[in-house]
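Please read the structure below before turning to the comments.
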Amino acid sequence: KLGPAKKAAFDENGQPTKAAIGFARGQGLEVSQLETITTEKGEYIGARKTISGQPTKELLPDILKNFILAIPFRKSMRWADYDLRFARPIHWLLALYGGNVVPLKIEDIESGDTSRGHRFMSPASFAVTGFEDYLKKTRENFVIADPAERKNMILDEAQKAASEVGGKLLYTDDLLETVSFIVEYPVIVRGGFEEDFLKIPKEVLTTTMISHQKYFPVVNNEGKLLPYFIAVSNTRPRDITVVVKGNERVLRARLADASFFFKEDKKVSLEDRVESLKKVVFHTLLGTSHKKVMRFRKLAVKIAAKVKPSVKKNVDRAALLAKADLESLMVGEFSELQGIMGREYALIAGEKPVIANAIYEHYLPIVAGGDLPQTDEGAIVGIADKIDTIAGFFGVGMPPTGTADPYALRRQALGVINIILSRRYSLSLNFLIDESLIQLKDVLKKPADEVKKDILEFFKGRLQNQLITQGYAYDTVDAVLSADIDEFVEAMEKVKALQSFRQNPDFEPISIAFKRVDNILKDFQNGQVDVNLLSHEAEIKLFSSFDDIKTRVEKGIIEKDFSAALNKLAALRPHVDVFFDNVMVMDKDEKIRFNRLSLLAEISALFHKIADFSKIVTTD
C-alpha cells in the first residue's frame, strides 16, 4: 500500500516524521518495515503485506450472505417481524459446496441441503447433493430452474400452438423475458376472442394483450392479427379448458372496454380536442398541455423554415394536433398509445397521411436507440417538442441530476441529437434554445443566458457520450466539442475528419505545434497584425504561409470538407516550429510583442474553427 511522499515521511536527518509513524501504525507495521517505492511522481514510502489465502468453504458464508442482501429491487417487502427487506419472503436457503452445506443464516432462516418443488404440483421437500442433482430433482418436481430453458420452452411451445391455427407468434424480447420469470413450470394455453374485436386498431389489441395481460398475440404471414392469443400458465391443470375460458373472459372484458373507448373517441375530432388540452396540466410550473403545444408549434414552424420550407404548412398542422389524443378515452386508459391513437384518429378525420404519421413520429425515439422519425414533418415536430421540454425544465430549475432524471431529459436530448444527425439538418443549437426560451420567458427562474449556458453544456455532454460510445477517441471528441457545438452534423463531420487526420504520421508534431500557439496566448486579447512590424524572416514566412492558406482553409470549412481544411492547416506546422525556435515572441518592444501575439492569435482562431488541439493527448 502506497503511503506519504518520502520527503514528508522522513526529516532531513532521516528520522521518521509523524506521517511515517502514523502510516506504519495504520498498517500494523514498524517504521523499519516500510519500503521506498519509486513512482512517476517521485519517491513514496509504502507497506508490503502478504495476505494468505483462506479456504473457500470459510469465505463462502459471508460472500453468499452479503450477495443475497445486496440484490437490488425496485420494490421490496418486509415479513413476519424481520427487519430484512426482499422482493418476496425467503422460506429456505439451499447452499452447497463440494457436496457439503455452506453454513449461513439470514434472520432466523438457516441454510441446508433441501429444496422444494412447485408450490401446488409438488410442494414436498427433497434433498440435494449437488448442482446437477438440483436441476434434475427440481425438474422432476415441476420447476424448471434454468431461466434460459424456461424461455426456450415457452417460445417453442407457443410457436407450435400458434401454428396449429395457421398463425405465428408476435412477441417482443421483453415480453418473453417477463413471462419466463413469472412462471416456474410454463404451460402453454391458447385462447381466442371474437373476430369483431379485430375492427379495433391493431396497436390497441396488441397493447392490451402484451402490456396488460402478458399474452402473445397471433398473426398471419402478412402480420395481420388473428383472433387468438397464447397465454403462459404456471400450473398444469386437470382441465385446461377451465384455464382457457378464464383467460378468454379477462381479455374479452378488456377488449370490450377498448372497443367502447374507440367508438366514443371517434365522435370527437382531434382538432376539437385541442381546446380540451387547456384543462390538462403539463407541469405546474410550465402550464397546460395547450400552452406547451402552442410553444413548440411556433418553434416547429421556424425549424421547418430553416431546414425544409416546403413542409411548413404540414408541420404547423401536425404540431397543432400532436397532443390532442391525450384527451381521448383510449389514451386515458392506455397511456402507451399516445401518438398511435393520434395517428389513427387523424386518418379517420381525413387528415393527410403525412400529418397523421407525424403525430405518431414526433414521440420517437421512445427508448434510447429506438426508431427515429422517417418524415421531415415528424422529425421537425419531434425536435420542437423535445427542445421545449428540455428548455422548460432547465428554465424552471429542474434539470436532471446525477441520480435522477424524472422527465427523461437525457433521453430527449439524445433524441434531438439522433434525429438531427439522421436527417442531416443544418440546424443551430443556439437557435433552437434561443427560440424556445423566448416562448418560455414568463416562467424562467433565472436569466435566459444562464439557462442557455446550462442547456448547451447538457447537450455537449450527451453528444460527447454518444460519439465516444460510437468508438471515437475521447480526446478527439473533446477537442472538437470544446471548439464548437452549435451544429450536430458539423460537429460529427469534424470528429470524423479529425479522427482520420490522426492517422497522419505528422499528426503529433502538428498537434504539439498548435498547442504551443495556444499556450503562449493565455489571457491575450486579439489584435490586428501590422505587416510593417514583421521583421524576422521566420515570422514573415509564417505570416505569408498563413495568409496563403487561410482562404482555402475557410473554404473547406464552409463546404464542410474538414479533411481538406485540416490538411491545409497542417502545412503551417513547420513554419510554426521555425517561428518558435528562432523568434522571441515576448519581445521587449511592446508593439513587436503585441504584433507577434496577434499573428499567433489569428492562427489559433483559424484552427479553433475545427478543433481545440490543446485537448489532444500527446506523448510530449
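Each value in this text was obtained by applying a stated rule to the coordinates, not by laboratory testing. No experiment lies behind these values; they were computed from the predicted model shown. Don't worry about glycine lacking a Cβ; one is built from the backbone with ideal geometry, like all the others, and counts go over all protein chains shown.
In table form, for the structure just shown:
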item: Distance between modelled label sites at Lys555 and Thr618, nm, 7 Å Cα→Cβ extension; result: 2.8 nm
item: Prolate/oblate/rounded call for the range 56-140, Cα gyration tensor, a/c under 1.5 rounded; result: oblate
item: The range 377-440 and the range 531-572: distance between their alpha carbon centers, rounded to Å; result: 37 Å
item: Rounded to the nearest 20 debye, dipole of the chain from Cβ charges on Lys, Arg, Asp, Glu; result: 1320 debye
item: Residue-averaged 222 nm ellipticity for the chain, from DSSP H runs of 4+ at -39500 (n - 2.57), nearest 500; result: -16000 deg cm²/dmol
item: Rel. contact order, % - alpha carbon contacts under 8 angstrom, at least six apart, the chain; result: 7 percent
item: Neighbour-count ranking [beta-carbon atoms within 10 angstrom, fewest first] of Arg190, Arg74; result: Arg74, Arg190
item: Rounded, prolate or oblate (a/c below 1.5 giving rounded, otherwise prolate when a/b exceeds b/c) for the range 260-314 by Cα gyration tensor; result: oblate
item: Furthest towards positive pole of dipole, Gln54, Ile106, Val31, structure part the range 23-116, Cβ charges; result: Ile106
item: Segment Lys168-His536, length gained on full extension (0.36 nm per residue, minus Cα span); result: 124.3 nm
item: Sorted by Cβ density within 10 Å, fewest first, the residues Arg317, Arg25; result: Arg25, Arg317
item: Anisotropy class of the range 184-317 from Cα gyration tensor, a/c 1.5 cut; result: prolate
item: Nearest-20 debye value, the range 143-284 charge dipole, Cβ charges on Lys, Arg, Asp, Glu; result: 360 debye
item: Fully extended contour minus Cα-Cα distance, from Glu457 to Glu110, at 0.36 nm per residue; result: 119.6 nm
item: Separation of the Asn220 and Phe126 label points, Cα + 7 Å toward Cβ, nm; result: 4.6 nm
item: Neighbourhood net charge (14 Å Cβ-Cβ; Lys/Arg +1, Asp/Glu -1) for Phe543; result: -3
item: Computed magnitude of the charge dipole of the range 438-571 (debye, nearest 20; Cβ of K, R +1, Cβ of D, E -1); result: 340 debye
item: Peptides ranked, highest mean first, by Cβ atoms within 10 Å: ranges 84-94, 508-518; result: 508-518, 84-94
item: R0 of 56 Å, Cβ-Cβ distance Thr235-Ala473: FRET efficiency to nearest 0.05; result: 0.50
item: The chain: radius of gyration over Cα atoms, expressed as a fraction of 2.2 N^0.38 Å; result: 1.34
item: Convex hull volume of the range 309-374 per residue (C-alpha atoms, cubic angstrom); result: 83 Å³
